[in-house]
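What follows is a single structure, written as structure tokens, with notes after it.
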Amino acid sequence: MLDEGFEPDIVTHNIMLEGLLRSKKREGIITGGTFFKSLPRRHTLPQIQRTTHPQEPIVGKNTDVGDSIVQKSGIKSTDVVLEIGPGTGNLTKKLLEAGKMVVAIELDPRMVLELQSRFQGTPFSNRLKVIQGDVLKTDLPYFDICVANIPYQISSPLTFKLLNHQPSFRRAIIMFQREFAMRLVAQPGDTLYCRLSVKTQLYARVSHLLKVGKNNFRPPPKVDSSVVRIEPRKPCPQVNPKEWDGFIRICFIRKNKTLGSIFRIKNVLSMLEKNYKTLQALQQLQNGSSGSRNSDRPTNHRTTVET
Ligand SMILES: C[S@@+](CC[C@H](N)C(=O)[O-])C[C@H]1O[C@@H](n2cnc3c(N)ncnc32)[C@H](O)[C@@H]1O
């Protein structure tokens, strides 16, 4: 299933917190006692002790995954990095080592607290800014590179939020569910080539970087993952997003049909004609109201295009 992801449920949270505990102990920041006292009620000691795989945070037992992500993101020492969903901060630490500044957007307030206390009093503290909130509802700050390991159900809205973001960034490195990733990078003729592929590839160059099997995670999710690189095209193509979206919808209206046969369907033709007339009328109105007679000038109007 495309949108099947895994939210950090109680077990996942426990595992993430335990990962944090171990790394904090290693760093000598806290003792186990203070850590357990500071846990929210949900994460009581017996629950943590019951966890079958206590070792690893959600990004996985394979720390090479984090290293590969950082390495492949090509972060420069002058870069501002946007991290989405930092969790307990294992990846955040690597990002702080590579870049100038990390802005981390995290939904879970308990994770935000853990993250802040993990880096408090370390040389990283003044180079980390943590924003608590839902990334989909947050105004994104300026950034050069985005790194995200997110719940898979927000893959699509997050991708389009990033693609719409201005000023444009250099690169995003994102972990997606494997099938979603393969649809993003699919080329014409591939079985998975779809509206998502066309829409994304209009605005960005997309490439598959890394396969991450489910066994890299504790607990293992039901699906495999992939890391994808998204590089916005510069300059951004000038299209009317609604017209473009309407056109692409028509192109993919019937599975296994050629474009030729789709554009011979009577309903499609009459819909296109109606849309064309609506857009022409709008353009004339707009040109009239701005006093311009140049009807060839591209317009930025918003209209409803039937599909
Ligand atoms: C899969 S975990 C990744 C944790 C960490 N980045 C790692 O690699 O170990 C996803 C994280 O995203 C956070 N998250 C979930 N939905 C979010 C949203 N809409 N906005 C921001 N963060 C979100 C979760 O609270 C969780 O910490």
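Peptides 180-186, 228-234 ranked from most to least packed by the mean count of surrounding Cβ atoms within 10 Å: 180-186, 228-234.
What length, rounded to one decimal in nm, is gained on full extension from residue 161 through to residue 71, with 0.36 nm per residue of separation minus their alpha-carbon distance?
Fully extending the segment from residue 161 to residue 71 adds 30.0 nm.
Here the peptides 188-199, 263-274 are ranked by packing, the mean other Cβ count within 10 Å, and the order with the highest first is 188-199, 263-274.
Highest-first packing order for the peptide set 100-110, 201-211 is 100-110, 201-211, based on the mean count of other beta carbon atoms within 10 Å. Starting from the stretch 138-178, pick out the trypsin sites (Lys or Arg not before Pro) whose DSSP state is loop and whose Cβ has at most 16 other Cβ atoms within 10 Å. Sparse-neighbourhood loop trypsin sites (Lys or Arg not before Pro): 170.
For the stretch 153-229, what does the alpha-carbon gyration tensor say about shape, rounded, prolate or oblate, given a ≥ b ≥ c as the root eigenvalues, a/c under 1.5 as rounded, and a/b over b/c as prolate? Note, shape of the stretch 153-229 comes out oblate.
Each Lys and Arg adds +1 at its Cβ and each Asp and Glu adds -1 at its Cβ; summed about the Cα centre, the stretch 117-236 shows a dipole of about 120 debye.
So which lysines can residue 274 reach, going by Cα to Cα under 21 Å and dropping same-chain residues fewer than 8 places off? Partners within reach: 242, 266.
With only Lys, Arg, Asp and Glu charged, each at its Cβ (+1 for the first two, -1 for the last two), find how big the charge dipole of the stretch 134-188 is about the Cα centre; round to the nearest 20 debye.
Around 140 debye, computed over the stretch 134-188.
Computed over the stretch 141-196, the P(r) tail beyond 15 angstrom holds 52 percent of alpha carbon pairs.
Every number here is computed from the coordinates shown, using simple stated rules; none is lab data. From a predicted model like this one, the values you see are computed outputs, not experimental measurements. So basically every Cβ, Gly included, is an ideal-geometry build from the backbone, and we count neighbours across all protein chains shown.
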